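Colleague: Handing you this structure, nothing more for now.
What follows is calculated from the coordinates using simple rules that are stated; it is not laboratory data. Note that this is a predicted model, so its numbers are computed, not measured. Please note: Cβ atoms are built from the backbone with ideal geometry, for glycine as well, and neighbour counts cover all protein chains shown.
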Amino acid sequence: MIEQLRDIPLFSALSNDSWHELSHYMVLVQYPKGTTIIYADKVEPYFYILQSGIARAYIDGENQQITFWFGESGAVLFSFNSYINNSPGYENIELLTNSALTRIKLTDLFLLYQQNLEIANWGRKIAEQELIATERRLIDRAFKGAAARYHEFAAQSPELIKRVALKHIASYLGVTQVTLSRIRGAYK
């Protein structure tokens, strides 16, 4: 099962030697729909790769959960603050479907970063790509209207449109469910 991960684009940049070194620290885990694997206000000890399933990251707002990220197969799931600062994170990550993941202890990953420059650069690249994606979402939210954000989301993530609850999509887009229903009605 670990060898199947080699086909995920996330790992394609690694040489076979680095891949095998990293794979020794990987543990396969499966969790049911609704499981929260990363909790806000806690230093999270793991870095996950989503092999199959769908996840969302959210924060608890006043009387509501605000979704700010979705992940599908191949996505990495981790608390940025725990990863970078070894401090409690601000996000919760919940699995929206039954999911299979690969888990790596952050202490093991950081040890590999010290021992293997290729793996360290791989980890840096992952963090950079996540930062760029976060920046893009922030800019889109500031400058694009809700309808434009929905159309782009639907085009880029058609599977999520089919499988994720509308309340989570509405929260992600920063609109009410009523507004999302109107946008969807006009989109069809």
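Colleague: First select every other residue whose beta carbon is under 13 angstrom from the beta carbon of Glu152; then total the charges, Lys and Arg +1, Asp and Glu -1.
Modeller: Taking every Cβ under 13 Å from that of Glu152, the sum is +4.
Colleague: Using only alpha carbon pairs under 8 Å that are at least six residues apart, calculate the relative contact order of segment 2-117 and give it in whole percent.
Modeller: 36
Colleague: Next up: Report the Rg/Rh value for the chain, based on alpha-carbon coordinates and the Kirkwood definition of Rh.
Modeller: 0.99
Colleague: Expressed as a whole number of Å, what is the distance separating the alpha-carbon centroids of segment 85-153 and segment 156-180?
Modeller: 20
Colleague: Further, regarding this structure: Anyone know which of Asp41, Asp17, Asp140 comes out most mobile in the 10 Å Cα GNM of the chain?
Modeller: Asp17
Colleague: What's the local net charge at Tyr90, with K and R +1, D and E -1, over the other residues with C-beta under 14 Å away?
Modeller: Around Tyr90, the surrounding residues sum to -3.
Colleague: Which order do peptides 114-126, 75-87 fall in by mean Cβ count within 10 Å, highest first?
Modeller: 75-87, 114-126
Colleague: If you don't mind, there's one more thing I want to ask. Once you place label points 7 Å from the Cα toward the Cβ at Asp7 and Lys162, how far apart are they in nm?
Modeller: A separation of 1.9 nm, rounded to one decimal place.
Colleague: Using modelled amide H (1.01 Å from N, peptide plane; none on Pro or chain starts), what sits under 5 Å from the amide H of Ser52, excluding residues fewer than 5 places away?
Modeller: Placed amide hydrogens put Ala100 under 5 Å from Ser52.
Colleague: 5 Å is the cut-off here: which amide hydrogens, built 1.01 Å from N in the peptide plane, fall below it relative to Glu91, excluding neighbours closer than 5 in sequence?
Modeller: It is Asp41, by chain and number.
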